[in-house]
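Asker: What follows is a single structure, and I will ask about it in a moment.
The values are calculated or read from the model by the stated rules, or taken from the named source; none is laboratory data. All values reported here derive from a predicted model rather than from experimental measurement. A quick note on method: Cβ atoms are made from the backbone with ideal geometry, for glycine too, and the neighbour counts reach across all protein chains shown. Side chains included, ligands, DNA and RNA excluded: accessible areas come from the protein's heavy atoms. Shrake-Rupley method; radii C 1.70, N 1.55, O 1.52, S 1.80 Å.
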Number of protein chains: 2
Amino acid sequence: MLLDDSSRITIVEVAQYAGVSTATVSRVINKTGPVLPETAAKVYAAIEALNYKPNAAARGLASRRTNTIGLLVDEISGEFFQPMLRGIEVTARASGMDLLISSTGGMSQSSPPYPLGENNTDGLIVFADSLPQEELVRLHKIGFPLVLLHRSSPSGLNIPCVTVENKEGARRMVDYLVEERGYRKIAFLEGPDSHEDAYWRKLGYEESLAVHDIPFNPKLVSLGEFDETQARVSVSQWIKNGLNAEAIFAADDDSAIGAMAALKESGLRIPEDIAVVGFDDIRLAAYLDPPLTTVRAPIEQAARIAVEQLVKVIRGEEVEAMTLLPTELVIRRSCGCC
Amino acid sequence: MLLDDSSRITIVEVAQYAGVSTATVSRVINKTGPVLPETAAKVYAAIEALNYKPNAAARGLASRRTNTIGLLVDEISGEFFQPMLRGIEVTARASGMDLLISSTGGMSQSSPPYPLGENNTDGLIVFADSLPQEELVRLHKIGFPLVLLHRSSPSGLNIPCVTVENKEGARRMVDYLVEERGYRKIAFLEGPDSHEDAYWRKLGYEESLAVHDIPFNPKLVSLGEFDETQARVSVSQWIKNGLNAEAIFAADDDSAIGAMAALKESGLRIPEDIAVVGFDDIRLAAYLDPPLTTVRAPIEQAARIAVEQLVKVIRGEEVEAMTLLPTELVIRRSCGCC
DNA sequence: ATATGCTATGTAAGCGCTTACATCAGATAA
DNA sequence: TTATCTGATGTAAGCGCTTACATAGCATAT
């Protein structure tokens, strides 16, 4: 910093002003150790008078605590991210922690050094596959506080994680499509391989098919990648090849949007000719034409809980190994319900 | 941190392993001062072998630089925030800076201490009215690097700022409504008082009216607050009171959405009975029914530039006092164009 | 040969805190 | 009364780095 050196006021100045030692000032600030109320008052007065603000770096160095939690995401995009970030930010602040955010740029195989870790944060929230397994293992081995968000712990390790009932949600969606709407030819636009949400959602799809004695047909599965454009391409391809399906279940709402675009482009009507459903219930979902039937995931709540867990871990408290938040079916017109 | 002390490896270990002094290791890491290539190689080997990572706090303490930029926003919400955050995150990373984010919770009159400032960041990006003027003044006075985003500098101070052509955009939108669509009774849903974007947009509206000899009618102005719900309430009220307008110009897309909802609720057709236009061009805008005519603001680009400016200021380089990014009319059906 | 200037490296003094340990009243126990 | 404890505070040793300054070797200028 290029700051005027004279304007720097440190704990020493505060101590002098208050007529006590720096140790006492520190005790007052951190409420550690006994201090006479009147002494504390003098210190507070000095802090106020001098407009003193503790230097975070010095504090971190001396105490080996940073009072900061780190958030690792693969990329800051998608409607998905917004409620998640809000939940994390608000909860971190409420816990008195600072928030350091880093996006690894969608490359889970990115190479060291990672921008966030043991020496600039007290703990990390790791979203999905934003950190390579090896680094996860390394951090866990040295006992660094970690909470996983929207992914589960690598087997063997026992890192607390919080995620949503992806499989359940997907299963119930397909159950609904089969049982209530009477569809049996249901195509699936799957998410990215590396993403655990994607994995469970597909599993839910497959399980529901099995329950209803519908044979799994690989031709009815294509790549949506949680991406509008990719989904659009995949669905166009399907149509060109003569897709024979009554409904398309997109693994997330973004790919559902792409699917709808491709279908409309081909003159197909939704849901009369083919139904479309998604997953997440992003804000846009309700505004689409027709409004999108989807599965609502409590993203903000999950984020909130993840932070709370992490703070507990940092404090050395116990937390449950896995938190699974319920999802909820949101029925709108795109599934042919009305 | 609760980390195993033995696993802590510092610059001292690296120096010993490489057979040099810590100063040399520091020189190699920071590329400061001359070092023989072979010496550097030994140091790199040691770093690799020991998996050494510099301690950010110690670095910050010693060098008085944190290598971190702070972002202050009032609240993390609205579609608005997403492209902004992405622009900031990406650019910060590209500049080798960490990013510390804090939302002041929508209260610009929040009280000290502020979570981000001189002693945990090298500089701050201050969005809109997320920091009280007095703190802005204080930081600027001590020479702390600051860049304002979506607001201008308090007069007297000369803090660099980057924002978009709100007034121009609003003016052109109203020009279009009057000149191309032939409307003359244009209502306005204004944004929050404290928000500069809101101020300029309203001014653009008024200026265009003046240019076209349309008297300003206070009855045609109500509060949108950049908020869907508030806008809905305001428009419902208008309708109840017998609104006599051909078009509603909402100061942002969110309030445009609220306006559309209220109109539809009353059985009014858009744009046949009344046109609606917005500002920002959030993703949703194109998906609304009818698709929303709006003004596109280059939010991500503004964010990007703000970070670049801030980095320059931190490095002591000169930057222009004000960067004004052009906005662009996006014509869709809600204005009655087709 | 001596002076001079580089370049490459080491030495050590902090940076602004926290915290173990020391100190010193005054209270309590014996 | 003296030993013991307890509460309030001070002293000072780091935390892991950066960096001014010192040093030493060697090439070049004088």
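Asker: What's the total number of residues in the range A:52-69 that are open to solvent by less than 50 Å² (accessible area, probe 1.4 Å), part of a helix (DSSP H, G or I) and within 7 Å of chain B (Cβ to nearest Cβ)?
Answerer: Qualifying residue count, the range A:52-69: 4.
Asker: Do we find that A:R296 is within 30 Å of A:C161 (Cβ to Cβ) and in contact with an Asp or Glu (Cβ under 8 Å, 6 or more places away or on another chain) in this structure? Before the answer, list the steps.
Answerer: Details: within 30 Å of A:C161 (Cβ to Cβ): yes; in contact with an Asp or Glu (Cβ under 8 Å, 6 or more places away or on another chain): yes.
When the stated conditions are applied, A:R296 passes them.
Asker: OK, next. If the requirement is being open to solvent by less than 50 Å² (accessible area, probe 1.4 Å), in the same structural domain as A:I305 (by TED's automatic domain parsing) and in a helix (DSSP H, G or I), which of these qualifies: A:A92, A:A46, A:A40?
Answerer: On the way: A:A46 fails: in the same structural domain as A:I305 (by TED's automatic domain parsing); A:A40 fails: in the same structural domain as A:I305 (by TED's automatic domain parsing).
Every option except A:A92 fails the conditions.
Asker: List the pairs whose first member sits in the range A:49-67 and is basic (K, R), whose second member is in a helix (DSSP H, G or I) and more than 6 Å from DNA strand C (Cβ to nearest atom), and whose Cβ atoms are under 9 Å apart, counting only residues at least 6 apart or on separate chains?
Answerer: Note: pairs meeting the criteria are A:K53/A:I47; A:R59/B:A57; A:R64/B:A57; A:R65/A:I314.
Asker: Taking the range A:70-88 as the region of interest, how many residues are more than 7 Å from chain B (Cβ to nearest Cβ), β-branched (V, I, T) and closer than 14 Å to B:L85 by Cα?
Answerer: 1
Asker: Further, regarding this structure: Looking at the range B:302-317, is at least one residue part of a loop (DSSP other than H, G, I, E, B), in contact (Cβ under 8 Å) with a residue 60 or more places away in the chain and within 30 Å of B:I159 (Cα to Cα)?
Answerer: The initial filter retains those residues of the range B:302-317 that are part of a loop (DSSP other than H, G, I, E, B), namely B:315-317.
Now drop any that are not in contact (Cβ under 8 Å) with a residue 60 or more places away in the chain, which leaves none.
No: zero hits.
Table: residues versus (1) outside the structural domain of B:S155 (by TED's automatic domain parsing); (2) buried (at least 18 other Cβ atoms within 10 Å of the Cβ); (3) at pLDDT 95 or above.
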| position | (1), (2), (3) |
| --- | --- |
| B:A256 | yes, yes, yes |
| B:M260 | yes, yes, yes |
| B:Q309 | no, yes, yes |
| B:R315 | no, no, no |
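Asker: With respect to the numbered conditions (1) within 16 Å of DNA strand C (Cβ to nearest atom); (2) over 25 Å from A:E300 (Cα atoms), which one is the sole condition not fulfilled by B:Y114?
Answerer: Failed condition: (2).
Asker: Among the residues of the range B:139-154, what is the count of those that are surrounded by fewer than 17 Cβ atoms within 10 Å (Cβ to Cβ) and closer than 18 Å to A:Y52 by Cα?
Answerer: Number satisfying all stated conditions: 3.
Asker: Here's another thing I want to ask about it. Of (1) touching a strand residue (DSSP E or B) at 6+ places or on another chain (Cβ under 9 Å); (2) within 16 Å of DNA strand D (Cβ to nearest atom); (3) under 26 Å from B:T91 (Cα atoms), A:N119 satisfies all except one. Which?
Answerer: Result: A:N119 fails condition (1) only.
Asker: Show the residue pairs that are 6+ apart or on different chains and have beta-carbon atoms under 8 Å apart, the first residue being within the range A:269-286 and over 18 Å from A:L223 (Cα atoms) and at pLDDT below 95, the second being among the acidic types (D, E) and open to solvent by 10 Å² or more (accessible area, probe 1.4 Å).
Answerer: Filtered contacts from the range A:269-286: A:I282/A:E79; A:I282/A:D254; A:R283/A:E79; A:R283/B:E79; A:L284/A:E79.
Asker: Any idea which residue in the range A:13-24 is surrounded by the most Cβ atoms within 10 Å (Cβ to Cβ), counting only those that are part of a helix (DSSP H, G or I) and more than 7 Å from DNA strand C (Cβ to nearest atom)?
Answerer: In the first step, residues of the range A:13-24 are kept if they are part of a helix (DSSP H, G or I); the result is A:13-18, A:22-24.
Still in the list and also more than 7 Å from DNA strand C (Cβ to nearest atom): A:13-18, A:24.
Numbers: A:E13: 15, A:V14: 26, A:A15: 18, A:Q16: 14, A:Y17: 18, A:A18: 22, A:T24: 21.
That would be A:V14.
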